[in-house]
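Chemist: Before anything else, here's the structure in question.
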Amino acid sequence: MKKDLGVKSFLFPCPVAILGTYDEQGSVNVMNMAWGTLIDTNMILCCLTEEHKTCKNLKAGSDLTIAIATKDLVKESDYFGIDSGNTVKDKFARSGLHVVKSQHVNAPVIEEYPLTLECKTHAIRHDEDGNFFVYAEIVNVLADETILNEKGMVDVKKLNAILFSQIDNSYYEVGDIVGKAWNLGLPFRGK
Ligand SMILES: Cc1cc2nc3c(=O)[nH]c(=O)nc-3n(C[C@H](O)[C@H](O)[C@H](O)COP(=O)(O)O)c2cc1C
């Protein structure tokens, strides 16, 4: 028996993506974003509330970095989704984390996150419902050596990424591999 639950934002799971930007004075700001997704091989659509300091920075010309939040940084990552750089001027400094300037885009790279997508602000669009969309073009991916496998690719298990659940407003860790994509389903072709 299934039950109707009505309209809920239950697309599960959402990423925990940490957006890094600069303001016009070069100060770092960071925010937590769950409503972001790939829309092309090199493009991420970020669905943001326009009042965020992050959006002000992007409108003023900043690019952005998108770091994948990890289990050991869950508290810092959550904090980046609570306070706003609009009112808390030392928001990033409070986390105790460190940044360097990206070598590829005009945005800060947070050193402690092991996987960071360096993105150009490709476009900013509003829709008729008042939504604010940022198209982030991936121009490079920066990975710590500590999360790479022997082939030099990211080992998802070493990354220790976390996921966000809009169902219960909680963070989850990534579990085990259950199979290879574009592979497990192949036996159905033979039927
Ligand atoms: C788990 C989580 C996910 C969030 N996802 C989004 C999101 O996808 N889009 C958005 O606009 N705000 C999102 N927020 C809220 C912003 O991160 C929050 O308002 C933040 O303070 C904005 O920071 P800023 O004003 O310094 O840019 C999220 C917050 C949390 C805790």
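Chemist: Any residue in region 21-39 that's farther than 26 Å from Ser170 by Cβ: show its pairings with residues that are near the ligand (Cβ under 8 Å from one of its atoms) and polar (S, T, N, Q) at Cβ separation under 6 Å, as long as the two are six or more apart or on different chains.
Modeler: Filtered contacts from region 21-39: Thr21/Asn29; Thr21/Thr54; Thr21/Asn57; Asp23/Asn57.
Chemist: Mind listing just one residue for me: the one in region 35-54 that is within 10 Å of the ligand (Cβ to nearest atom) and surrounded by 21 or more Cβ atoms within 10 Å (Cβ to Cβ) and, of those, nearest to the chain's Cα centre (by Cα)?
Modeler: Selected residue: Cys46.
Chemist: Report whether or not Ala107 is surrounded by fewer than 21 Cβ atoms within 10 Å (Cβ to Cβ), within 13 Å of Val28 (Cα to Cα) and of a type in the set (A, V, I, L, M).
Modeler: no
Chemist: In region 112-168, how many are β-branched (Val, Ile, Thr) and at pLDDT below 95?
Modeler: 0
Chemist: With the condition being β-branched (Val, Ile, Thr), I'd like the strands (runs of 3 or more DSSP E) fully within region 26-106 carrying at least 2 qualifying residues.
Modeler: Output list reads 28-33, 36-40, 64-68, 99-101.
Chemist: Just the residues that are surrounded by fewer than 19 Cβ atoms within 10 Å (Cβ to Cβ), among the small types (Gly, Ala, Ser) and within 13 Å of the ligand (Cβ to nearest atom), please, taken from region 55-78. Give the steps one after another, and end with the answer.
Modeler: Start the filter on region 55-78 by keeping residues that are surrounded by fewer than 19 Cβ atoms within 10 Å (Cβ to Cβ), which leaves 56, 59-61, 71-72, 74-75, 78.
Right, trim to among the small types (Gly, Ala, Ser) and you get 60-61.
The answer is Ala60, and nothing else.
Chemist: Taking into account only those residues within region 140-179 that are under 19 Å from Asp72 (Cα atoms) and part of a loop (DSSP other than H, G, I, E, B), which is nearest to the ligand (Cβ to nearest atom)?
Modeler: If we take residues in region 140-179 being under 19 Å from Asp72 (Cα atoms) and part of a loop (DSSP other than H, G, I, E, B), then Asn169 is nearest to the ligand (Cβ to nearest atom).
The values are calculated or read from the model by the stated rules, or taken from the named source; none is laboratory data. All of these numbers come straight from a predicted model, not from anything done at the bench. Reconstructed Cβ throughout: ideal geometry from the backbone, glycine too, with neighbour counts over all protein chains shown.
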